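Colleague: Dropping the structure in here first, questions after.
Quick note: the coordinates plus some simple rules give every number you see, no bench work behind them. All values derive from a computational prediction rather than experimental measurement. As a convention, Cβ positions derive from the backbone with ideal geometry for all residues, glycine included, and neighbour counts pool all protein chains shown.
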Amino acid sequence: MYGHIGENGDNNIVRNKSNLIAGALALILILGTLFFLNSSAEQENSINDGRPIPSSNTAKNEDTKEKITSIEAYILSLKSLRLPTDGEFDKSKYREPLLVITKDINSFPRAVEKLCQALPASDSQICFTQAGVALFRSHPSDLTLLATTCSQLASPDTIGLNRTPNKFCGSGVFYSFFDLLTTALINKTVDISKFDLLTYCSKLNNTSSFPCAQEAGKFMANNNLITTVSALYHYCDPLEDKLLRDQCATGIGRGLAINEVNPIKVSFQKCLSVDFVDYSTKCFSSFGMVNDNTKLTDADFELCATQKFTTKSECQFSLGVYAFGQIHGDMHNLITYCAALSQQENYDYCMLGAYRTFIYNLKLIRDYQTANGFTELCHLDKEYQDRAFTQLCQAALISSLHESELEILNNSFLVQFCTTKGVLSCFQAIGYLAKRLGVSESALVKYCSSTSCKLGYQGNLAFLQKKLKIN
């Protein structure tokens, strides 16, 4: 009995469950249909009212948007572009008079010289730089004309230094231009891989080529367009003019150094990783130039004992190069600057590294690889003819030679040169050079057998026994 009743009850339960499931499925189907119809209506409405429809192709459409692919086309586009405000220039006390002067390009050189030359040196430099900014803001699409106009400003001979009115002016022009180009890069309106910036700079064929090349290098570094530091510096290689190449490298160093919290430590990490000594030298001097408020201390030299990827002496030399950047190549201030260091060895390296960079810059302009040339170089400025200066200059000159100049070591020219001078530092530098050029210690005697040569080979570059004194 119970079994029979139970069987009928089970059937009823199964039947009721089936009905419920069928009803639920029907309801889901109805709701799904209503949702689909509603979505279709909304989508149609959004098309009709012009609102964009989210799509997986949106990013693709942005990428396919036509970009400017040449520097010439970009410069032409500036004619119709409303320039953004320039906070620094807008606050300048020279802004209004400079904007008036730039209205007439033909009279600009004479008028801006009259305004800026009458100012104190530091203000004069700012004035000439902002004159370039004013030129660009008045005529942004006439970049080649502006470069030519800046080059007409006076350029006193400063032994290769770039701190002249025409180059300050050019710097203002190209700083403004590359700042605008950075914005275009961020907004993805240009295809920078198609821009031949260095060729454009070199074809200017006037003094503005130098700030153009420097700002181009800084632009590449600031925007992380090349991954490694060495590869970034080799961006400058296509420039055949070694002075332009030097300016490009200076710009890259400035770009690497900007906004660094601990510039000296960062310069070790970045500059000593560069695989070409000329570029490494420019890197250190650029870091010093950008961070000229971070003076060298004895503690900075102590860091050289912890650098595992370079020799201690090369590290110490590099800090002298850094010092050269901080004094902006003004050798008149070198002794005062280095004299702030209390350790004798640190003082010597500070002087030596700065001299080494001074010589490097001069060698870009003239060839000093002769006996008379060596002597002439170390007496180039008559203010530096005292004996202590001459000793450092000779040693710095020798220690700065490259692998390609090994012939000088082979033909005993350096030994003869040092013999006539009779100073220990000169022979020490030969030993240091021999080690750097890969000569073994046992073979050193072939080039120089003096005790001073051996000390230099072993890295003992204590060139002077007491600090140099200002006469």
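Colleague: Enumerate the calculated ³J(HN,Hα) couplings along segment 341-355 in order (Karplus 6.51 cos²θ - 1.76 cosθ + 1.60, θ = phi - 60°), each rounded to whole Hz, writing x wherever the residue is Gly or Pro.
Modeller: Computed from phi, the couplings for segment 341-355 are 8, 8, 7, 4, 4, 5, 4, 4, 5, 4, 5, 5, x, 5, 4 Hz.
Colleague: Would you please give the residues with an amide H less than 5 Å from that of ILE68, counting only those at least 5 places away or on a separate chain, with H modeled from the backbone geometry?
Modeller: VAL190, ASP191
Colleague: Show me, for segment 120-132, the HN-Hα J-couplings you get by feeding each phi into the Karplus relation (A = 6.51, B = -1.76, C = 1.60, θ = phi - 60°), rounded to Hz, glycine and proline as x.
Modeller: Each residue's phi maps through the Karplus curve to give x, 3, 5, 5, 4, 4, 4, 4, 5, 5, 6, 5, x Hz.
Colleague: Would you kindly state how much longer the chain becomes between LYS194 and LEU303 on full extension, computed as 0.36 nm times their sequence separation minus their alpha carbon distance, in nm to one decimal?
Modeller: That pair, LYS194 and LEU303, stretches by 35.0 nm at full extension.
Colleague: What's the ranking of 239-252, 207-220 by average number of surrounding C-beta atoms within 10 Å, highest first?
Modeller: Packing order, densest peptide first, comes out as 207-220, 239-252.
Colleague: Contour minus end-to-end for SER141 and ARG110, with contour as 0.36 nm per residue of separation and end-to-end as the Cα-Cα distance?
Modeller: Result for the pair: 8.9 nm of gain on full extension.
Colleague: With a/c under 1.5 counting as rounded, go ahead and sort segment 233-354 into rounded, prolate or oblate using the C-alpha gyration tensor (a ≥ b ≥ c being the square roots of the eigenvalues; past the cut-off, prolate if a/b is larger than b/c, else oblate).
Modeller: Working: a/c = 1.78, a/b = 1.46, b/c = 1.22.
Taking the square roots of the gyration eigenvalues as a ≥ b ≥ c, segment 233-354 is prolate.
Colleague: On a 28 Å Cα-Cα criterion, which of the cross-link pairs LYS93/LYS242; LYS67/LYS282; LYS270/LYS312; LYS91/LYS203 come out too long?
Modeller: Table pairs above 28 Å Cα-Cα are LYS93/LYS242; LYS67/LYS282; LYS91/LYS203.
Colleague: Efficiency by 1/(1 + (r/R0)^6): what FRET value for THR311 and ILE226, r their Cβ-Cβ distance, R0 = 25 Å, to the nearest 0.05?
Modeller: 0.35
Colleague: Between LYS265 and SER442, what is the label-point separation in nm under the 7 Å Cα-to-beta-carbon projection?
Modeller: 4.3
Colleague: When the C-alpha atoms of segment 69-258 are aligned to their principal axes, what extent does each axis show, in angstrom, from largest down?
Modeller: Computed over segment 69-258, the largest-to-smallest principal extents equal 45, 41, 28 Å.
Colleague: Ranking request for peptides 427-438, 82-93: highest mean number of other beta-carbon atoms within 10 Å first, then the rest in descending order.
Modeller: 427-438, 82-93
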